[in-house]
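A short reminder: the numbers here are calculations on the coordinates, not readings from a lab. Keep in mind the model is a prediction, meaning the values are calculated, not measured. As a convention, Cβ positions derive from the backbone with ideal geometry for all residues, glycine included, and neighbour counts pool all protein chains shown.
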Ligand code: PEP
């Protein structure tokens, strides 16, 4: 049984001050939660304050990106040792917004992934097709390309430390969610790919989150699918009541 994982991707939102406020609310709402991994991913500028606010809580801290070199002349980048030193445990890699707006490729995703693993951070690696690709029946080709390219050269042992997120681009921030059946179909396909690229034991243990307009209303049906192990949540992670409701729905399923 894979432990559900719900992560909040705050994107370009929340000052350090606002982050502390949201985390304090989340801590109150989620103090009793067990059996679900919970992660919040504030922007870099709020990580230090977020780490302080999260001390001794059951919520882990994640970053939204990582550079592949540890240090040097790379203006504007943030490295694994810097994140680790702050108490960061997870890092989102290859989010579609990074692929779309910042020229992220499978190759750079792979470099970031290796850096995260090297520094003991848990990577959340995103894959997903856009609307044109879905409408052209290219969904599986894109997922295969993203998965094979992003995970290239990883050992089976390392792959077991990775979390994957299936995020159809057409469902991100649009209010359009993939139906549970649409999401399950792709998650099952990803699990088959993991068998081919690695082995059955990797495929069985890797957690695959769904992301794309997840809300307290639709989470139960999504996470009720056999191959959906959690959610990467954007908009609904910016308010404590909605993020907490999503976590609690995942916990309910875990207990039932
Ligand atoms: C995301 O940021 O990864 C995401 C899925 O956003 P939203 O939940 O707002 O669609």
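Considering helices alone, the calculated mean residue ellipticity of the chain at 222 nm is -13000 deg cm²/dmol, with DSSP H runs of length four and up weighted by -39500 (n - 2.57) and normalised per residue. Comparing 153, 94, 224 in a Gaussian network model of the chain where C-alpha atoms under 10 Å apart are linked, the largest mean-square fluctuation is found at 153. What separates the Cα centres of the range 233-254 and the range 1-34 is a distance of 9 Å.
By other beta-carbon atoms within 10 Å, ranking 101, 243, 198 with the fewest at the front produces 101, 198, 243. Inter-part distance, the range 153-214 to the range 101-140, computed on C-alpha centroids, equals 11 Å. Take the Cα radius of gyration of the range 106-256 and divide it by 2.2 N^0.38 Å, N being the number of residues; the result is 1.02. How high is the FRET efficiency from residue 1 to residue 77, r the C-beta distance, R0 30 Å, rounded to 0.05? It comes to 0.20. Of 1, 159, the sequence from fewest to most neighbouring Cβ atoms within 10 angstrom is 1, 159.
Pairs of C-alpha atoms in the range 1-71 farther apart than 15 Å represent 53 percent of all such pairs. Rounded to the nearest angstrom and listed largest first, the equivalent-ellipsoid semi-axes of the range 5-255 from its Cα gyration tensor are 25, 23, 17. Once C-alpha pairs closer than 8 Å and six or more residues apart are averaged by separation and normalised to the residue number of the range 122-198, the relative contact order reads 41 percent. Summarising the label geometry, the points placed 7 Å from Cα in the beta-carbon direction at residue 145 and residue 176 lie 1.9 nm from one another. Computed over Cα pairs, the Kirkwood radius of the range 73-116 leads via Stokes-Einstein (0.692 mPa s, 37 °C) to a diffusion coefficient of 288 µm² per second. Remark: 113, 131, 121, 238 ranked as 131, 238, 121, 113, counting other beta-carbon atoms within 10 Å and listing the fewest first. Taking label positions 7 Å along the Cα-Cβ direction at both residue 185 and residue 137, the computed distance is 1.1 nm, reported to one decimal.
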